[in-house]
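The values are calculated or read from the model by the stated rules, or taken from the named source; none is laboratory data. What you see is a predicted model, and the numbers here were worked out from it, not measured in a lab. Methodologically, a virtual Cβ is constructed for each residue, glycine included, from the backbone with ideal geometry; neighbour enumeration extends over all protein chains shown. The area values use the complete protein model at the heavy-atom level, side chains included, leaving out ligands, DNA and RNA. Shrake-Rupley method; radii C 1.70, N 1.55, O 1.52, S 1.80 Å.
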Amino acid sequence: MSNLLRTLRQAMTIARRDFIATVFTPIFLLFLFAPVIMGSFGAIGGMGAASVADGRADKTRIVAIVPDANARTIAEADTRLRAVFRRDEEAPPGLTTLRPAGDPAAQARAAFASKDYEATAVLYGPLETPQVLYGPRGKRAADYLGLLAAETLAANRLNGDVPRVTAVKTALERQGGSAGNRRQSASFAVFGVFLLNLFLASQVVGTMAEERNNKVIEVLAAAVPLESVFLGKLLGMFGVAILFVGFWGTIIAKLGSLLPPDVASALAIQAAVGTPAFVVLFVTYFTMAYLLLGSAFLVVGAQASTPREIQMLALPISVLQMGMLALALAGTARPDGWIATVAQMFPLSSPFAMAGRAATSPDLWPHIAAIAWQLLWVTIFITLGARLFRRGVLQSGSAKPFWKRARG
Amino acid sequence: MTVNDPAVFAEHLVKRFGERRVVDGIDLIVPRGAIYGVLGPNGAGKTTTLRTLLGIIEPDEGRRSILGHFSPREASDRVGYLPEERGLYPSMKARDAIAFMGALRGLDRRTGRTRAAEMMEAAGLGHAIDEKIKKLSKGMAQLVQLLGSVVHRPDLLVLDEPFSGLDPVNQEKLEALILAERDRGATVLFSTHIMAHAERVCDRLAIIAGGKRRFEGTVDEARGTLPSRVRYLPARPQAGVAEVLPHDATPDGDGWRFQLPREGIEGLLVTLIERGYGIGGLSIERPGLHDAFVRIVGRDAAEGEPA
Ligand SMILES: Nc1ncnc2c1ncn2[C@@H]1O[C@H](COP(=O)(O)OP(=O)(O)O)[C@@H](O)[C@H]1O
Ligand SMILES: [Mg+2]
């Protein structure tokens, strides 16, 4: 068997073990459903906020003090106009009409003190020259009342015969998305890559610690070159990532097809390089970031001999990783700035930054260069990692980590 | 190289840790099909030697070949290894652990699982086939790991202190397994600091101490480095018998003890009978491997480093 094939076969054996050992644990279920858990926390918070808002929304009103003759017309106008508001929170509060009594100005003021509702704006006086009083956050409601007055007046002049026009509506795809949308996609991309990585890389270190603890590492190292062990561990966790992304990708795709098309398109990722290319690049950069950070974590895992030591050493790496994320995010905020360039060049931040760039800039050639560049670093990291690993783990059963050994 | 090459060949192997030469110029030739013991006190460098031979660590000097390959990795699918520090994944089932070890050495998983079950049955571990490793006793886990190191039917089996950690019953099972592997055609190379096992199963052995090889040969040859001892009991004890006996004779109860003279004992017996002392009792004791070992490495060294 050729060496490459053998290396791959061995790596796959190790990958399979790690995959199974990770996936068939209760912890993994927690991880798999973490988005749901986080989402439901968010939803509970959101529901709380919404119910507070609802409580108020139920009682808030806009008030029109109009004679009975106009009350029905203004209510109809309200129904017509209200239809253009997409969501409830955008729509003005419900309309209440009052019969004029005595001094309309005093009556209007009194409406704000009513116990039955909470007025945000009150209209009184003749429809041609209406007066509108409004309270805090009632400016938009006041504008709306003005619009209602005009609409009612027009309906009166036309004797209620308001022309019904049904426009032929055709949705037009916007090419490439707006700049704001792109930046949002960019941050989303960067952040997604980052979060998954954080979990996976630390998981890799976890399996490593396990092997050192229960001494399986010697069995592996005797049968398989350390490069294969490394590669296998990275692949195994990558399998976990694919499972995770596949699971949620399917769910989101299914949910997406259930959503109304306009909502779906508002949520859709809009990337400068085009959606198919973006998906490919996203996956590639995700892989690269994972391989780079994973091998960095592996090196750490190889040096430490207790879970405590691993935690201690993993902290600086996590901080470094945060730094990389910050750098990449800073880069996407100003895609043409020098920070962006630095973030794209520096090996550890490059995948994050380039994923962001795919969202904001349409050129494809920099990605080819970046992927080659990152691959180079992946190779360097894995080779170096395997070497450090050998020094750290395998000199003997009682091996000390290199920094301790140096001192005796 | 050809099939007639030795299973393991090492020439002037050196491995340093810092300034210390833990393996200090070791030569080794393990013929194919042999059971070969590497004997030495604790800290002699046995484990380091085996790891260097297997390519787990690289030697600083010297060369070695495994089954005809100068790079041990090339032979890895035909080698089985039981490390001194045993280790299996605690949450794996026994048969999966065996199959996994086979898979690392290129055996397909299905075959591995089938063989694992057969081998466990044969070794009297049938009840534990689907048990998780963490549920097994230490000795049982060790046997499982041992089966894992032979499941791919290696041509060379390397065992580092295989007997330690086993009770006498399982030690016997292990001896049987080593012999069975040899009969299957495999070469077995194992290390131990307990002579009794080596004495029973080894075809050849090397004794190392302080990283150096002190002896190489068969068990008989090792024992032959020490003269046999004679215990003689006169039939009619009388003063003056000491003048007839060799100079090193020391009284021992009613009789005497001395080394078997190089020229043999026949002449001495004739003299003893002629002079009238007679033969009341006579035994010639061959020294055990342990005695030879102590003599070869020195009494202090034989104690070894504190483990
Ligand atoms: N990585 C290492 N660094 C320093 N010393 C080591 C290392 N590995 C082994 N040693 C030392 O080398 C000596 C021989 O060890 P070893 O080969 O395990 O002996 P044995 O297996 O014969 O008991 C011991 O003194 C041990 O402490
Ligand atoms: Mg040892």
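List of remarks:
- Heavy atoms of chains B and A lose about 2500 Å² of accessible surface on contact, summed over both sides with a 1.4 Å probe.
- Estimated inter-spin distance, B:S71 and A:T341, nm [label 7 Å along Cα→Cβ]: 4.3 nm
- Helical mean residue ellipticity (222 nm; -39500 (n - 2.57) per DSSP H run of 4+; nearest 500) of the protein assembly as shown: -18000 deg cm²/dmol
- Hypothetical label at A:A277: residues of the stretch A:339-374 whose amide nitrogen lies under 11 Å (7 Å Cα-Cβ projection): A:358-368
- Global form of the stretch B:229-285, assessed from the alpha-carbon gyration tensor, a/c cut-off 1.5: rounded
- DSSP bridge pairs, the protein assembly as shown: antiparallel proportion in percent, nearest 5: 55 percent
- Reduction of at least 30 Å² in accessible surface, 1.4 Å probe, comparing all protein chains with the chain by itself, residues of the stretch A:12-35: A:T13, A:R16, A:R17
- Over the protein assembly as shown, accessible surface divided per residue gives 50 Å², non-protein components excluded, 1.4 Å probe.
- Residues with amide H under 5 Å from that of A:V66, placed H, sequence gap 5 or more: A:L98
- Among A:T332, A:V36, B:S191 the positive-end extreme of the charge dipole of the protein assembly as shown (Cβ point charges): A:T332
- Estimated FRET transfer efficiency when R0 is 51 angstrom, pair B:D252-B:D183 (beta carbons, to 0.05): 0.75
- Applying 1/(1 + (r/R0)^6) with R0 = 41 Å to the Cβ-Cβ distance of A:L364 and A:R308 gives a FRET efficiency near 0.35.
- Options A:L123, A:F85, A:P104, ranked by Cα towards positive dipole end of the stretch A:59-157, top entry (Cβ charges): A:F85
- Counted charge near B:A117, where neighbours are those whose Cβ lies closer than 12 Å (Asp, Glu -1; Lys, Arg +1): +1
- Pairwise FRET efficiency - B:H290 versus A:I242, Cβ, R0 = 41 Å, nearest 0.05: 0.10
- Compared with the dominant principal axis of the Cα atoms in chain B, helix B:138-150 is inclined by about 70°.
- Neighbour count of at most 10 Cβ within 10 Å plus DSSP loop: longest GluC sites (Glu not before Pro)-free window in chain B: B:20-262
- Label-point separation, B:Q259 to A:A253 (7 Å along Cα→Cβ), nm: 8.6 nm
- The long axis of helix B:109-122 is offset from the longest Cα principal axis of chain B by roughly 40 degrees.
- Legend: residue pairs B:K132/B:K173; B:K46/B:K212; B:K15/B:K46; A:K215/B:K173; B:K93/B:K135; A:K215/B:K134, Cα-Cα distance threshold 18 Å; pairs beyond threshold, B:K132/B:K173; A:K215/B:K173.
- Looking at the stretch B:31-117, the chymotrypsin sites (Phe, Trp or Tyr not before Pro) that sit in a DSSP loop and have at most 13 other Cβ atoms within 10 Å of their own Cβ are B:F70.
- For the stretch A:59-157, with all protein chains in place and a probe radius of 1.4 Å, 53% of the accessible heavy-atom surface sits on carbon or sulfur.
- Among B:G40, B:G139, B:G18, the largest mean-square fluctuation in a Gaussian network model of chain B (Cα springs under 10 Å) belongs to B:G18.
- The solvent-accessible area of B:Y89, taken with every protein chain present and a 1.4 Å probe, is close to 10 Å².
- Given charges at Cβ of Lys, Arg, Asp, Glu: the stretch B:36-92 dipole, positive-most of B:A44, B:G55, B:V79: B:V79
- Potential lengthening between B:T218 and B:E121 on full extension [0.36 nm per residue; Cα-Cα distance subtracted]: 31.5 nm
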